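A.B. asks: Have a look at this one before I ask anything.
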Amino acid sequence: MENNLHTSRHSLSHIMAKAVQELWPGTKLGIGPAIDNGFYYDFDSEHKFVPEDLKTIEAKMKEIIKSREKFVCESMSKDDAIKLFESRGEVYKVELVKELEDGTISIYRTGEFIDLCKGPHIEHTGLINNFKLTHIAGAYWKGDEKRPMLQRVYGLSFENKDALNAYIKQQEEAAKRDHRKLGTELDLFSINENVGPGLVLLHPKGGMLRKELEDWIKNENIKRGYDMVYSPHVARLHLWQISGHANFYSENMFQPIEVDEQKYQLKPMNCPFHIEIYRSHLRSYRDLPLRYSELGTVYRYERSGVVHGLFRVRGFTQDDAHIFCTPEQVGKEVEDCFNFALHIMKTFGFKNYSVELSVWDENKPENYTGTKEDWEKAQAALEAVLNANKVPYTVHAGEAAFYGPKIDIKVVDAIGRSWQLSTIQFDFNLPGKFDLEYVGNDGKRARPIMIHRAMFGSIERFMGVIIEHFAGLFPLWLAPVQVKVLTLTDNEIEYSKALVAKMKMAGIRAEIDCRSEKLGAKIREAHVQKVPYSIIVGSKEAAENKITLRLRSGTNMEGLEVDDFIKTLKEEVAAFSLENYYK
RNA sequence: GCCGAGGUAGCUCAACGGUAGAGCAACAGUUUUGUAAACUGUAGGUUGUGGGUUCGAAACCCAUCCUCGGCUCCA
């Protein structure tokens with residue numbers, strides 16, 4: 001069934017291309033594959049597609065579908081294929097054919113329409129039963145920004161109309177948990193035009209969420225033997241020249257600023273600072289491994305079209321750490337980092353994540369520092385950890401950092417895009433650049449190995465991901481407001497204020513809602529703001545010195561002792577638990 | 001950065017060449033409420049910004065900034 005769907009999606013892309021060429025003769029074809037939810041085709045056309053064209057194309061496609069035209073496969077020699085596509089002006093197809101290995105080439109005809117294609121296809125166009133064109137976007141030919149930009153038309157297609165509608169419905173539901181939308185609704189953060197693109201303002205509730213995350217990760221670091229360090233946001237450009245960032249990373253850096261005729265650079269990474277701390281003493285093998293951690297705020301110049309909510313910003317804080325160790329220690333250190341990352345996935349309840357091993361592109365050594373031998377050794381070391389832990393992973397060539405290979409963990413956002421969180425990176429560039437040393441047990445100087453790692457990745461991105469993951473319904477320990485006390489009348493204000501004060505003293509984030517609104521309105525507001533627990537106080541509660549608890553689900557628990565409630569709440573918080581999450 | 005679509009009140013949107021409006025939120029008053037929105041009123045905008053066209057511009061043109069969907073790139 002899955003294969004059939006893939007085939008019919010691919011056939012749809014042919015039908016769309018045929019429709020477009022009939023509507024706008026002279027349109028050249030790029031590529032047109034089936035994708036996860038449908039299909040697309042890239043066109044080079046003098047006609048600039050506008051959204052209204054989608055309806056026109058759809059109508060034309062429906063005609064083609066009605067005509068039940070056959071998909072006919074033909075084989076021919078490479079030379080004949082080149083001649084055929086040249087005669088039709090299909091320059092992109094000619095380029096594709098030329099890249100194919102010598103031998104027989106297959107093409108598919110649908111009436112007059114011809115496409116280079118290895119198939120398979122459905123038998124005839126009449127077998128298509130549903131599709132919907134969704135949007136137009138630009139896409140570089142062969143994904144290369146130096147090549148022409150083609151116009152890509154996307155379409156959706158599923159087994160049947162119900163499945164298509166279900167998909168559209170699901171996307172609409174997913175959009176409701178978009179962190180940018182929830183960020184405004186729950187008053188967590190804003191990104192303001194005066195401040196600048198990609199620069200985040202955390203409002204009090206977002207600030208509290210971040211504080212909880214920071215406390216948690218600092219604790220986890222300390223438990224695992226990390227030291228905490230702090231470093232400045234700028235440093236002399238000289239530092240970045242030593243590290244190589246000024247050469248290999250300059251495209252991603254803000255322009256230097258001049259102070260007292262010296263150039264200073266806003267930091268895009270924290271590594272050089274931690275290295276300078278390492279260099280502040282002569283180190284012994286007995287000192288290693290040294291693990292320096294910092295919530296380091298970095299600034300990167302991101303091109304204007306790529307910033308995206310909290311996911312891709314220009315100023316962000318990494319839960320960064322650098323581990324300096326001997327070659328013998330490196331395997332265990334990488335493994336510990338990897339398990340740390342898995343611990344995060346578990347604590348926050350992520351089940352849908354993927355592990356990637358990012359290695360260099362050996363055809364482009366000029367983009368990297370280090371020798372071939374370095375790279376192969378390091379990649380083998382990372383691979384060994386993944387294999388030993390029996391983790392499924394994929395290898396991505398050319399996605400390594402310029403200074404070394406890495407293990408990345410990615411999670412999927414509300415609408416299916418995947419974002420990198422944890423990263424564990426090998427570095428054989430910086431120890432050499434900064435001439436790092438330690439004294440071995442033989443009394444000789446040796447070069448330490450350096451590992452960069454971030455577990456959340458960046459706190460901003462991580463916050464964005466958990467906002468979507470929990471759809472704003474944070475587990476108790478993360479909820480910016482944990483308890484809202486709702487008064488029934490003004491007579492209960494005094495008792496309620498005392499309750500709030502008592503909870504605050506116990507370390508619970510409680511607020512009062514004593515507006516002159518009806519109880520229903522206060523409950524609604526607390527619900528919309530996704531507060532985990534509400535306490536309702538009327539004359540009965542105040543007289544008996546008790547509380548009525550209302551859970552997020554709507555369940556009520558009457559006649560509770562305040563002290564008991566505080567105790568249970570504190571236990572739930574301390575457990576960092578997702579157990580009570582759905583109650 | 002590139003292709004395309006957009007920026008109107010705090011939020012969601014309307015008006016689309018002829019006096020900028022609505023709902024929610026905010027604020028004030030009234031109401032004192034028992035489980036998902038009380039009532040009345042008030043205030044809030046050089047329509048992103050800067051130019052231009054026009055008797056007249058939120059609307060048309062140019063530039064620029066920002067946002068969104070992709071591409072490319074990344075934590």
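The values are calculated or read from the model by the stated rules, or taken from the named source; none is laboratory data. Quantities reported herein were computed from a predicted structural model and do not represent experimental measurements. Every residue, glycine as well, gets a Cβ built from its backbone with ideal geometry; the counts of neighbours run over all protein chains shown. What goes into the accessible areas is simple: the full protein's heavy atoms, side chains included, and nothing from ligands, DNA or RNA. Shrake-Rupley method; radii C 1.70, N 1.55, O 1.52, S 1.80 Å.
A.B. asks: Bin width 10 Å, origin at 0, all Cα-Cα pairs of segment A:38-137: what percent of pairs per bin?
C.D. replies: Final binned percentages: 13, 38, 36, 12, 0.
A.B. asks: Hey, got the dipole for chain A? About the Cα centre, +1 on K and R Cβ, -1 on D and E Cβ, debye to the nearest 20?
C.D. replies: Magnitude of the dipole: close to 860 debye.
A.B. asks: Per residue, what accessible area does chain A have, given a 1.4 Å probe and all protein chains present, in Å²?
C.D. replies: 49
A.B. asks: While we're here: Accessible area of A:His281, 1.4 Å probe, to the nearest 10 Å²?
C.D. replies: 120
A.B. asks: On alpha carbon coordinates alone, what is the Rg over Rh value for segment A:364-461, Rh being the Kirkwood radius?
C.D. replies: Over the Cα atoms of segment A:364-461, Rg/Rh equals 1.03.
A.B. asks: Keeping every protein chain in place, order A:Leu237, A:Leu282, A:Leu202, A:Leu382 by accessible area at 1.4 Å, biggest value first, i.e. largest first.
C.D. replies: A:Leu282, A:Leu202, A:Leu237, A:Leu382
A.B. asks: Under a 1.4 angstrom probe, counting protein chains only, how are A:Ile191, A:Ile217 ranked by accessible area, largest first?
C.D. replies: A:Ile191, A:Ile217
A.B. asks: Based only on Cα atoms, what mean projected area does the convex hull of segment A:158-290 have, in nm²?
C.D. replies: 15.0
A.B. asks: Would you please calculate the Kirkwood hydrodynamic radius of segment A:225-311 over all C-alpha pairs and express it in Å, rounded to one decimal?
C.D. replies: Every distinct Cα pair counted, the radius reaches 14.7 Å.
A.B. asks: Report relative contact order for chain A in percent, whole number only (criteria: Cα-Cα under 8 Å, sequence separation at least 6).
C.D. replies: Taking the mean separation of contacting Cα pairs over the length of chain A, I get 10 percent.
A.B. asks: Scan around A:Gly38 for amide H atoms under 5 Å from its own, H built in the peptide plane at 1.01 Å from N, and keep only partners 5 or more places away or cross-chain.
C.D. replies: For A:Gly38, whose amide H was placed from the backbone, the distant partners under 5 Å are A:Ser157.
A.B. asks: Still on this structure, I have one more. Could you work out how far helix A:372-388 tilts from the main Cα principal axis of chain A, as a 0 to 90 degree angle to the nearest 10?
C.D. replies: Tilt relative to chain A: about 60 degrees.
A.B. asks: About its Cα centre, what dipole magnitude does segment A:446-583 give when the only charges are +1 on Lys and Arg Cβ and -1 on Asp and Glu Cβ, stated in debye to the nearest 20? It would help to have the intermediate numbers written out before the result.
C.D. replies: Details: 20 positive and 18 negative charges, 113 e Å.
The dipole magnitude comes to about 540 debye.
A.B. asks: List the residues of segment A:539-580 whose backbone N lies under 19 Å from a point placed 7 Å from the Cα of A:Ala498 along the Cα-to-Cβ direction.
C.D. replies: Inside the label zone: A:539-549, A:559-567.
A.B. asks: Using only Cα positions of segment A:24-95, each an equal point scatterer, no hydration layer, compute I(q)/I(0) via Debye at q = 0.22, 0.24, 0.27, 0.28 Å⁻¹ and quote the log10 values to two decimals.
C.D. replies: Debye curve over Cα of segment A:24-95, log10 I(q)/I(0) at q = 0.22, 0.24, 0.27, 0.28 Å⁻¹: -1.29, -1.31, -1.28, -1.27.
A.B. asks: How are the C-alpha pair distances of segment A:473-525 spread across 10 Å bins, as whole percents from the shortest bin up?
C.D. replies: 26, 48, 25, 1
A.B. asks: Once phi is turned into ³J(HN,Hα) by the Karplus curve 6.51 cos²θ - 1.76 cosθ + 1.60 with θ = phi - 60°, what whole-Hz value does each residue of segment A:292-303 show in order, with x for glycine and proline?
C.D. replies: Per residue, the Karplus-derived 3J(HN,Hα) values read 9, 10, 7, 7, x, 8, 10, 10, 10, 7, 9, 4 Hz.
A.B. asks: Dipole of segment A:308-406 (Lys/Arg Cβ +1, Asp/Glu Cβ -1, origin at the Cα centre): which of A:Val385, A:Asn352, A:Thr371 lies farthest to the positive side?
C.D. replies: A:Asn352
A.B. asks: To the nearest 500 deg cm²/dmol, what mean residue ellipticity at 222 nm is calculated for chain A from DSSP H runs of n ≥ 4 alone, each contributing -39,500 (n - 2.57), summed and divided by the residues?
C.D. replies: Numbers: 18 runs with 211 residues, N = 583.
Using -39500 (n - 2.57) per qualifying helix, the result is -11000 deg cm²/dmol.
A.B. asks: Relative contact order, percent, of segment A:485-583 when contacts are C-alpha pairs under 8 Å separated by at least 6 residues?
C.D. replies: Across segment A:485-583, relative contact order equals 25 percent.
A.B. asks: Got a number for carbon plus sulfur as a percent of segment A:61-164's accessible area, 1.4 Å probe? Please report the intermediate quantities before stating the final value.
C.D. replies: Values: 2830 of 5800 Å².
About 49 percent, which is the carbon plus sulfur part of the accessible surface.
A.B. asks: With every protein chain present, what accessible area does A:Thr326 have (1.4 Å probe, heavy atoms only), rounded to the nearest 10 Å²?
C.D. replies: A:Thr326 exposes around 10 Å² with every protein chain in place.
A.B. asks: For A:Arg236, which sequence-distant residues (separation of 5 or more, or a different chain) have an amide H within less than 5 Å of its own amide H, given hydrogens modelled in the peptide plane?
C.D. replies: Distant-sequence amide H within range of A:Arg236: A:Gln265.
A.B. asks: At q = 0.12, 0.15 Å⁻¹, what log₁₀ I(q)/I(0) does a Debye calculation on the Cα points of segment A:297-358 give, no solvent, two decimals?
C.D. replies: So the normalised log intensities are -0.50, -0.75.
A.B. asks: Sorted from largest down, give the three principal axis spans of the alpha carbons of segment A:400-529, whole angstrom values.
C.D. replies: 78, 40, 18
A.B. asks: Let me ask you something else. Pairs A:Lys142/A:Lys181; A:Lys263/A:Lys364; A:Lys346/A:Lys522; A:Lys181/A:Lys211: which are spaced more than 23 Å apart, C-alpha to C-alpha?
C.D. replies: Values: A:Lys142/A:Lys181 34 Å; A:Lys263/A:Lys364 31 Å; A:Lys346/A:Lys522 35 Å; A:Lys181/A:Lys211 21 Å.
Cα-Cα > 23 Å for A:Lys142/A:Lys181; A:Lys263/A:Lys364; A:Lys346/A:Lys522; rest within.
A.B. asks: Report, in degrees rounded to the nearest 10, the 0 to 90 angle that the Cα long axis of helix A:519-528 makes with the longest principal axis of chain A.
C.D. replies: Compared with the principal axis, the helix lies near 50 degrees.
A.B. asks: While we're on this one: Convert each backbone phi in segment A:455-461 into a coupling constant with the Karplus relation 6.51 cos²θ - 1.76 cosθ + 1.60 (shift: θ = phi - 60°), then list the ³J(HN,Hα) values in order as whole Hz, x for Gly and Pro.
C.D. replies: Computed from phi, the couplings for segment A:455-461 are 9, 5, x, 10, 5, 4, 4 Hz.
A.B. asks: Of all beta bridges DSSP finds with both residues in segment A:412-538, what is the antiparallel percent, to the nearest 5?
C.D. replies: 45
A.B. asks: Taking Rh as the Kirkwood radius, which is the inverse of the mean 1/r over Cα pairs, what is the Rg/Rh value for segment A:163-205? Provide the component values of the computation, followed by the final result.
C.D. replies: Numbers: Rg = 14.3 Å, Rh = 12.0 Å.
Rg/Rh: 1.19.
A.B. asks: Now a separate question. What figure in square angstrom, to the nearest 10, would you give for the accessible area of A:Arg303 with a 1.4 Å probe?
C.D. replies: Accessible area, nearest 10 Å²: 140 Å².
A.B. asks: Please give the helix A:161-176 orientation as an angle from the longest Cα principal axis of chain A, in degrees from 0 to 90, rounded to the nearest 10.
C.D. replies: Result, in degrees: 40.
A.B. asks: Considering the dipole of chain A built from charges on the beta carbon (Lys and Arg +1, Asp and Glu -1) around the Cα centre, which of A:Met505, A:Trp24, A:Ile409 is farthest to its positive end?
C.D. replies: Of A:Met505, A:Trp24, A:Ile409, it is A:Met505.
A.B. asks: Heavy atoms only, probe 1.4 Å: what % of the accessible area of segment A:411-476 goes to carbon and sulfur, would you let me know? Write down the numbers at each step before the final one.
C.D. replies: On the way: 940 of 1970 Å².
It is 48 percent, rounded to a whole number.
A.B. asks: With 20 Å as the cut-off, how large is the P(r) tail for segment A:302-398, expressed as percent of Cα-Cα pairs?
C.D. replies: Every Cα pair in segment A:302-398 considered, those over 20 Å come to 56 percent.
A.B. asks: Something else about it: So for chain A, Kirkwood radius off the Cα pairs, Stokes-Einstein at 25 °C and 0.890 mPa s: how many µm² s⁻¹? Let's see the in-between values first.
C.D. replies: Values: Rh = 28.2 Å.
The diffusion coefficient I find is 87 µm²/s.
A.B. asks: Another question, if that's okay. Rank these by accessible area, largest first, 1.4 Å probe: A:Glu159, A:Glu572. Show your work: numbers first, answer last.
C.D. replies: Values: A:Glu159 70, A:Glu572 25 Å².
From most accessible down to least: A:Glu159, A:Glu572.
A.B. asks: Please quote Rg/Rh for segment A:1-52 to two decimal places, taking the Kirkwood radius as Rh and restricting both calculations to Cα atoms.
C.D. replies: Ratio value, two decimals: 1.03.
A.B. asks: Also, I was wondering about something else. Using every pair of alpha-carbon atoms in segment A:80-135, split the distances into 5 Å bins beginning at 0 and state the percent of pairs per bin, rounded to integers.
C.D. replies: Binned Cα distances yield the sequence 4, 15, 24, 19, 15, 12, 8, 2.
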